[in-house]
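Comments concern the structure below.
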Amino acid sequence: MYLVSGATGNVGGEVVRALADRGLPVRALVRSAARWKPVEHVEAVEADLDELDTLDPWLGGVEAAFLLPGFPDMPGLYAKLREAGVKRVVQLSGSSTETGDETNAVTAMMMGTEAAARESGVPWTILRPSGFMSNALRWLPLLREGDLVRAPWGDIAVACIDPFDIAAVAVAALTGEGHEGAVHRISGPRAMLPAEQIAVLARVLDRPLRFEGLTPEETRAELEATMPPKYVAAFWNFYVEGALDESPVYPAVEEILGRPARTFEDWAEAHADDFR
């Protein structure tokens, strides 16, 4: 049995589908099983990893698990998996871990997550992806109103990765050999600016879409309206102070999967209906 956290999210959902497509038994952790659409080979169960006791009924028979980062008690979560006899965990992390800056709230969360994996006694694999292609979905409210997307970080190029590829690497590590103790730094095939992503969406959707970057003042105001101050400071550190560079392209996806990483064009075609 494979346990998957974040089963309704962009990455967790892809992990569930990739495992189920192989005919493997999946236990998908969700907040509300009543809202789950049945999938063959998948058992949807209610648990909240912010409250670890809710996981207890679902650990029986679990041999491997896929975990999102940043739950309040990551060491406690790993202890439960170890005590249940879980033999393998693939832990999602983030690229900022490589900066080692524990004063940055996002980086500190990822570093704490990775430390919990390393110290758990459970065989682990860590995935450090660049930004997700699916982050483009954050533009949906603007695209419902018109053809202009005004958003932060217009001058930041990121080698974004398709969550489909993150899941494929995760499943390779969950089901195959040679990944124990590995840290896989994964990215998409090329760095793109937001305006370049919008241009791709314009072609796919056949709309005259345009991108305009917010000013630093507008960006700051938007961040402060949507997240706690420590995360405002973290993203300001990443993208204004330049602490994080996700533009490099890494070969790990192709090396692990034996095929090229999917392009943003691939992602946009696959998710066109989400924008319509």
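Throughout, read-outs are computed from the coordinates displayed, never taken from laboratory work. Please read these numbers as outputs of a predicted model, since none were measured by experiment. All Cβ positions, glycine included, derive from the backbone under ideal geometry; neighbour counts span all protein chains shown.
Each of 226, 7, 240 was scored by the projection of its Cα onto the charge dipole of the chain, and the greatest displacement toward the positive side belongs to 7; charges sit on the C-beta of Lys, Arg, Asp and Glu. Charge tally around residue 146: other residues with Cβ under 12 Å, Lys/Arg +1 each, Asp/Glu -1 each, net +1. Peptides 83-89, 205-211, 4-10 ranked from most to least packed give 4-10, 83-89, 205-211, packing being the mean of other C-beta atoms within 10 angstrom over each peptide's residues. Using Cβ point charges alone (K and R +1, D and E -1), the dipole size of the chain about the Cα centre works out to roughly 460 debye.
The string of couplings for the range 148-160 from the Karplus curve (6.51, -1.76, 1.60, θ = phi - 60°) is 9, 10, 10, 8, x, 6, x, 9, 9, 8, 10, 7, 4 Hz, one whole number per residue in order, with x for Gly and Pro.
Based only on other Cβ atoms within 10 Å, what is the fewest-to-most ordering of 111, 133, 227?
Ranked by crowding around the Cβ, least crowded first: 227, 111, 133.
Descending by average beta-carbon neighbour count within 10 Å, the peptides 35-46, 121-132 line up as 121-132, 35-46, the highest first.
Of all DSSP beta bridges confined to the range 2-275, the antiparallel ones make up roughly 5%.
Annotation: amide H of residue 186 within the under-5 Å range of 128, 130, sequence separation 5 or more or interchain, hydrogens built in the peptide plane.
Each of 136, 65, 181 was placed along the dipole of the range 2-275 (beta-carbon charges, centred on the mean Cα), and the one lying farthest toward the positive end is 65. With Cβ to Cβ distances under 10 Å as the rule, what net charge do the other residues near residue 214 carry (K, R +1; D, E -1)? For residues surrounding residue 214, the net value is -2. Overall, the range 48-190 carries a charge dipole of about 420 debye about its Cα centre when +1 sits on the Cβ of Lys and Arg and -1 on the Cβ of Asp and Glu, all other atoms neutral. Its convex hull of Cα atoms gives the chain a direction-averaged projected area, equal to a quarter of the hull surface, of 14.4 nm².
Oblate is the label for the range 194-276. Its Cα gyration tensor axes, ordered a ≥ b ≥ c, give a/c of at least 1.5 and b/c at or above a/b.
What does the charge count near residue 1 come to, summing +1 for each Lys or Arg and -1 for each Asp or Glu among other residues with Cβ under 13 Å from its Cβ? Residues near residue 1 contribute +1 overall.
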